[in-house]
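Q: Here's a structure for you.
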Amino acid sequence: MILKDILLEKFNSGEAEGLGIKRICELFSAKSRDEKNSVIEAVYELQKEGRIVYDNGRFILLENSKFLKGTLKGNERGFAFVITETAGDFFIPPRCLNGALNGDTVIIERQVSSRGSTDEAIVRQILKRGTTKIVGTFDGEKGYGFVIPDDRNFSVDVYIPKSKTMGAKPFDKVVALITDYPEKSRNPEGKIIEIIGKKNDLHAEELSIIKAFDLPLTFPEKVERELDRIPTEVYEEEKLTRTDFTSDLVVTIDGEDSRDFDDAVSVKKTKTGYTLSVHIADVSHYVFLNSAIGKEAYDRATSVYFPERVIPMLPKKLSNGICSLNEGVDRLTLSLVMDIDKQGEVKSFDLVKGVIRSKKRMTYTAVQSVIDGVIPKDYQEFVPLIKDMYSLSKILRNKRSERGNIDLTVEESHVYVDEKNNIVVEPRKSIDAYKIIEEFMILANETVAEYVFYTEMPFIYRVHEKPSAEKVEGFKNFLKILGINVKWNADTCHPKDYQTLLENLQGDALFSVVNKVMLRSMQKAKYTPVNVGHFGLSSKCYCHFTSPIRRFPDLVIHKIIKDILDGKDVLKKYSEFVYEASNHSSMKERQADEVERMMDDYYKCRYMKKFVGKEFFAIVSGVTNFGVFVELENTVEGLVRTETLPRGNYELDEKTYSLRSGTKSYTLGDKVLVKVLGVDMRSRKVEMAIITKIVD
């Protein structure tokens, strides 16, 4: 063992705990200068790593000290918060940052503020810098320049010496590598490593967001080399050991602009109900987890979707080619064939390796036309199939409704660029055709999860835990403010209670706000090898099985299922990996959600530029100590800052979700008339002012 490890053991055993440098040297019988220097170096290494801290002349383990370790979250106004794992969050005034910046891992010491607050702290040590690259706008002078970060939480500009500007000009969007973090008041220093384009250019701004999250725009060469060995069609010998579904009436249903199809379905009416076949692209036949393609898929973990582009998990040769269930060609699948009775219960099922040939690439809008009685010419022969699919989906939806499924989807935005190159923002329409595929995929995910659960094999479940008692009570208090009283509590709440609440609010202006607050009150769904059920779907067992082209957990699940079917040793192969893959995939999913939301916000801001000065009806959708957020009917959210409200000393009342000043108040759910004041493209916020509060 190296000296540092031995020293750490002595701290853990208590031998070195609370000693000064001199006593620690004596503990190691260090007498010569070299021996003492080695011990001192080991002490300082442990201190630099945050394992031990120095307090009043003695060294102690961090966990035994008054100090705390956390991650710093910056703010454009100069202050910050430090999020700790054990003691909550702490406010850091600007004077107490001591050179720490957004994303840094730091050691803090609690402070008592001038107001007597105990949730303030001062940064005592920076353990690790959280930001090495900055995306922003270059502002140059004759001999030097600065990069103004797009991320306002990184509250200082980065100094760029003249020799390291790469020829960047003012208003260029750039990527800068930070090369030096000076002490306290000076700016970080860096060098420009990429010039993206001009500020306010849509393509450049889009790339800036992508690069801020370090998302990959190309695939590595070793992935491209492996792709050369992957076929473009299914070989006859590959079909021999598979169940042949090529003569079945199998179809895909997707959006008009979809390019990859990883699920296909077939429905047959029977005497006792229906036979539903869900065919999922057998991506795992072509992608091995330890291959270059498999490792890249693990790193990406999910496809990321923007209004005008997709950053895919898999290369196009797979996602749009051999793995895509394209019309009229043979494709390999993992197929689930379920016999379902007239009440929607799965009476039996088969899970097999299959081969299909899709008979029709259907679109949601065309299928909806058939449901509505307007039949496109090329859909005539598929009308009976669509009617059977629709009938079965309604049975399945009613069954889920009876058990208490919660419709957790807040009205989503549909942000896109039309054929005239104009940005369009509108609420995403919910049509019955969407629900057909949604019901079939949910049932497939539940059936597969339950099947593997009872084999007691390693697996990746999709779980959604029950809301915490604190969140449930907070949500109930919010409902009470709106005049809605519910009888359930944290111990007795059931998904059915939430579902009933939303059903009662259908058509009410408060529906969207209540749905949003409900979402905030709930846990976030995640991947885990331990099944704890899915609260939102009121499902005892759930997984993601149906999208292996765009989600890594689905790909792993396919590998596990096929190994189970082939009688291989799944326990030894996947027991540890499912934990690693679950944690990584959950983290990458959260990142994808964040960057997609950020991109949508940018597009919405560009869209709203043409409405500056216009008035709209809106609903208060959020309250903060610096203002309120309002949501327009088109789903665009705007910020109304406190300083634009009628004069008053406004304070945030968290219990009532209100911003109050005397008799004046703005509460979540209030209907208001607002005016668009302007658009802040850097912060991606639409600035608005409330003209009047509307009283029913």
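The values are calculated or read from the model by the stated rules, or taken from the named source; none is laboratory data. Nothing here was measured: the structure is a model prediction, and the numbers come from that model. All Cβ positions, even for glycine, are placed from backbone atoms using ideal geometry, and neighbour counts span all protein chains on display. Remember, those area values only see protein heavy atoms, side chains included, never the ligands or the DNA or RNA. Shrake-Rupley method; radii C 1.70, N 1.55, O 1.52, S 1.80 Å.
Q: Does residue 332 qualify as being surrounded by 21 or more Cβ atoms within 10 Å (Cβ to Cβ), among the hydrophobic types (A, V, I, L, M, F, W, C) and under 29 Å from the mean Cα position of the chain (by Cα)? I'd like the intermediate steps shown before the answer.
A: On the way: surrounded by 21 or more Cβ atoms within 10 Å (Cβ to Cβ): yes; among the hydrophobic types (A, V, I, L, M, F, W, C): yes; under 29 Å from the mean Cα position of the chain (by Cα): no.
Judged against the criteria, residue 332 is not a match.
Q: Within the stretch 452-461, is even one residue of a type in the set (Val, Ile, Thr) and either touching a Cys at 6+ places or on another chain (Cβ under 6 Å) or modelled with pLDDT of 95 or more (or both)?
A: yes
Q: Something else now. Find the residue count for the stretch 643-663, including only residues that are modelled with pLDDT of 90 or more, within 26 Å of residue 473 (Cα to Cα) and open to solvent by 70 Å² or more (accessible area, probe 1.4 Å).
A: Total meeting the criteria: 2.
Q: Cβ contacts < 6 Å: first residue at positive phi and part of a strand (DSSP E or B), restricted to the stretch 625-644; second residue open to solvent by 50 Å² or more (accessible area, probe 1.4 Å) and not aromatic (Phe, Trp, Tyr), any location; separation 6+ or different chain. Result?
A: Correct list of pairs: 627/641.
Q: Something else now. Considering only helices (runs of 4 or more DSSP H) fully contained in the stretch 176-287, which possess at least 2 residues that are open to solvent by 20 Å² or more (accessible area, probe 1.4 Å) and in contact with a helix residue (DSSP H, G or I) (Cβ under 6 Å, 6 or more places away or on another chain)?
A: The qualifying helices (runs of 4 or more DSSP H) are 221-227.
Q: Then there is this: Residue check, residue 595 against (1) under 18 Å from residue 304 (Cβ atoms); (2) open to solvent by less than 10 Å² (accessible area, probe 1.4 Å); (3) touching a Lys or Arg at 6+ places or on another chain (Cβ under 8 Å), all met but one. Which one?
A: The single condition residue 595 does not satisfy is (3).
Listed here are the residues, each with its yes/no results for (1) open to solvent by 40 Å² or more (accessible area, probe 1.4 Å); (2) touching a helix residue (DSSP H, G or I) at 6+ places or on another chain (Cβ under 7 Å); (3) modelled with pLDDT under 95; (4) at negative phi.
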residue	(1), (2), (3), (4)
348	yes, no, no, yes
353	yes, yes, no, yes
358	no, no, no, yes
368	no, yes, no, yes
372	yes, no, no, yes
382	no, no, no, yes
389	no, yes, no, yes
392	no, no, no, yes
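Q: When you scan the stretch 308-329, how many residues do you find that are at pLDDT below 95 and surrounded by 19 or more Cβ atoms within 10 Å (Cβ to Cβ)?
A: The total comes to 0.
Here's the yes/no breakdown for (1) of a type outside the set (Gly, Ala, Ser); (2) over 30 Å from residue 310 (Cβ atoms); (3) part of a loop (DSSP other than H, G, I, E, B):
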{"site": "478", "(1), (2), (3)": "yes, yes, no"}
{"site": "486", "(1), (2), (3)": "yes, yes, yes"}
{"site": "499", "(1), (2), (3)": "yes, yes, no"}
{"site": "504", "(1), (2), (3)": "yes, yes, no"}
{"site": "517", "(1), (2), (3)": "yes, yes, no"}
{"site": "531", "(1), (2), (3)": "yes, yes, yes"}
{"site": "544", "(1), (2), (3)": "yes, no, yes"}
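Q: Write out, first by first residue and then by second, each pair whose Cβ atoms fall under 8 Å of each other, whose residues are 6+ apart or on separate chains, and whose first residue, in the stretch 203-229, is in contact (Cβ under 8 Å) with a residue 40 or more places away in the chain and among the basic types (Lys, Arg) while the second is in a helix (DSSP H, G or I) and surrounded by 13 or more Cβ atoms within 10 Å (Cβ to Cβ).
A: Close Cβ pairs (under 8 Å, with a partner that is in a helix (DSSP H, G or I) and surrounded by 13 or more Cβ atoms within 10 Å (Cβ to Cβ)) amount to 222/292; 225/292.
Q: Same structure again: I'm trying to understand the selection: among the residues of the stretch 150-167, which are basic (Lys, Arg) and either part of a helix (DSSP H, G or I) or surrounded by 18 or more Cβ atoms within 10 Å (Cβ to Cβ) (or both)?
A: If the condition is that a residue be basic (Lys, Arg) and either part of a helix (DSSP H, G or I) or surrounded by 18 or more Cβ atoms within 10 Å (Cβ to Cβ) (or both), then 162, 164 are the ones that fit.
Q: Continuing with this model, one more query. Taking into account only those residues within the stretch 104-149 that are touching a helix residue (DSSP H, G or I) at 6+ places or on another chain (Cβ under 6 Å) and within 15 Å of residue 171 (Cα to Cα), which is least open to solvent (accessible area, probe 1.4 Å)?
A: This residue is 135.
Q: Next up: When the residues of the stretch 532-564 are filtered to those that are touching a strand residue (DSSP E or B) at 6+ places or on another chain (Cβ under 7 Å) and open to solvent by 40 Å² or more (accessible area, probe 1.4 Å), which remaining residue is nearest to residue 399 (Cα to Cα)?
A: The residue in question is 532.
Q: When the stretch 422-434 is examined, which residues are found to be surrounded by fewer than 16 Cβ atoms within 10 Å (Cβ to Cβ) and in a helix (DSSP H, G or I)?
A: Once the filter is applied, which keeps residues that are surrounded by fewer than 16 Cβ atoms within 10 Å (Cβ to Cβ) and in a helix (DSSP H, G or I), the stretch 422-434 yields only 432.
Q: Also: Please go through the stretch 651-696 and give me each residue that is among the polar types (S, T, N, Q), farther than 26 Å from residue 598 by Cα and outside any strand (DSSP E or B), ordered by number.
A: 656, 663
Q: Just checking, which of 72, 101 is in a strand (DSSP E or B) and either open to solvent by less than 40 Å² (accessible area, probe 1.4 Å) or closer than 30 Å to residue 685 by Cβ (or both)? Show your work before the answer.
A: Values: 101 fails: in a strand (DSSP E or B).
So the residue among 72, 101 that is in a strand (DSSP E or B) and either open to solvent by less than 40 Å² (accessible area, probe 1.4 Å) or closer than 30 Å to residue 685 by Cβ (or both) is 72.
Q: Scan the stretch 49-60 and tell me whether some residue there is assigned to a loop (DSSP other than H, G, I, E, B) and either more than 30 Å from residue 6 (Cα to Cα) or without any contact (Cβ under 8 Å) to a residue 40 or more places away in the chain (or both).
A: yes
Q: When the residues of the stretch 600-624 are filtered to those that are part of a helix (DSSP H, G or I) and either touching an Asp or Glu at 6+ places or on another chain (Cβ under 9 Å) or open to solvent by less than 10 Å² (accessible area, probe 1.4 Å) (or both), which remaining residue is farthest from residue 208 (Cα to Cα)?
A: 608
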